[in-house]
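> Take this structure, written in C-alpha cells, and hold onto it; I'll ask about it next.
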Amino acid sequence: QVQLAESGGGSMQPGGSLRLSCAVSGYSHNKYCMGWFRQVPGKEREGVASIDSNRHTMYADSVKSRFTISQDNAKNNLYLQMTGLKPDDTAMYYCAADVYRCTLPMVLASVDYWGQGTQVTVSS
C-alpha cells in the first residue's frame, strides 16, 4: 500500500549538484524511517543516507559532507541534496521506507518498501 516515487535524477558533470525527491503516500507519518540506497551493476545495493521520525540523520562514509537527506514538514516528500558529485556516485538511486524497525542507519534487510529508482550519472 505504501508507494514511493523518486524523481530528480539525471546527468551531471563532476562537481555538480542534483536534488532527488521521493513522494510518499499510503501510510501515516508517525514512527518510521526513510532512506536512500543506490546500486550499480555487479554490486550490492548500499545505503546512502537515512532519517528517522525525529529528523536524526546518518550517512555512508562515501557521501558524508556532500549529501544531505531531509523531509518537508508534512513528511510527504523525502529529499537527497547531492553536491560535489563524483563519477563514483553514478548509480540507480532508490527511495526506501522502514515502518517497523526504524533504527538508524537503515540497512538493506530493514527496508519494507522501495521506490522504482531514479538514475544518476556523473561523467565529463
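The values are calculated or read from the model by the stated rules, or taken from the named source; none is laboratory data. None of these values were measured; they are calculated from a predicted model. Note that we place each Cβ from the backbone using ideal geometry, even for glycine, and neighbour counts take in every protein chain shown. Surface areas here come from the heavy atoms of the whole protein model, side chains and all, with no ligands, DNA or RNA. Shrake-Rupley method; radii C 1.70, N 1.55, O 1.52, S 1.80 Å.
> When only DSSP loop residues count, what trypsin sites (Lys or Arg not before Pro) in region 1-106 have their Cβ near at most 13 other Cβ atoms within 10 Å?
For trypsin sites (Lys or Arg not before Pro) across region 1-106 that sit outside H, G, I, E and B with at most 13 neighbouring Cβ atoms in 10 Å, the list reads Lys31, Lys43, Arg55, Lys64.
> Determine the sum of side-chain charges near Tyr100: Lys and Arg each +1, Asp and Glu each -1, restricted to other residues whose C-beta is under 9 angstrom from that of Tyr100.
For residues surrounding Tyr100, the net value is 0.
> With every protein chain left in place, what is the accessible area per residue of the chain in square angstrom, probe 1.4 Å?
Accessible area per residue, the chain: 51 Å².
> For the chain, what does the relative contact order come out to in percent, with C-alpha contacts under 8 Å and a separation of six or more?
Result for the chain is 36 percent.
> Once neighbouring chains are kept in place and the probe is 1.4 Å, which whole percent of the accessible area of region 39-124 is contributed by carbon and sulfur?
Ligands and nucleic acids excluded, carbon and sulfur give 48 percent.
> If you don't mind, another one. May I ask for the net charge around Ser70, where only other residues with Cβ less than 10 Å from the Cβ of Ser70 are counted and Lys, Arg are +1 while Asp, Glu are -1?
Charge balance near Ser70 sits at +1.
> Please give the net charge around Ser110, taking every other residue with its beta carbon less than 11 angstrom from that of Ser110, where Lys and Arg add +1 and Asp and Glu add -1.
Neighbourhood net charge equals -1.
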